[in-house]
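The values are calculated or read from the model by the stated rules, or taken from the named source; none is laboratory data. These numbers were taken from a predicted model, which means no experiment stands behind them. FYI the Cβ positions are ideal-geometry reconstructions off the backbone, even for glycines, and counts take in every protein chain you see.
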Amino acid sequence: MGLEFGQIITQIIGFLIAVILLKKFAWKPLLSMLEERRNKIKAEFDSIGEERKKTEKLFAEYETKLKEIDSLSRVKIQEAAREGQKLANEIKESARKEAKEIVSKTREDIGRDVEKAKVQLRDDVVTMTLKLTEKLIQEKLDTEKDKKLVARFVDEMRQGKVEGFK
């Protein structure tokens, strides 16, 4: 088993021819296919990175809008509370005014009723006094004069000018 120099050279030449043929016909297409795949993967990673940035931007905008909505809702709630308080105060004030008006009107009505009652009482006292006087004297005097006389007497009684009556 010896080494044959010719056979070694033939194998080296065959190996080199195979390498050259592989380089020309297989290696370049294989490398270009790998390069394409690498570029495609890189493009996909870039696309994923851009989509991630877009998603983060949208998420940040979403968070900002949520905060704005939250603050706006708080402002609206505070405005509604203030408006409710204002309305309650207006209702209370209106009720107070109405109550004062009712009390005032009632006092006026009571004052008028008291005055009417005083006048009626005075007239009744005058009439009773005239009837009593008529019965006592057993004759009818001038009615108009008698009413004036008795009314004056009752007024004097009320003012305390007649002794014994208060």
For this session: Return yes or no: is LEU130 modelled with pLDDT under 90, in contact with an Asp or Glu (Cβ under 6 Å, 6 or more places away or on another chain), part of a helix (DSSP H, G or I) and of a type outside the set (S, T, N, Q)?
Result: yes
Problem set entry | Sole exception among (1) surrounded by 10 or more Cβ atoms within 10 Å (Cβ to Cβ); (2) not in a helix (DSSP H, G or I) for LEU87, by number | (2)
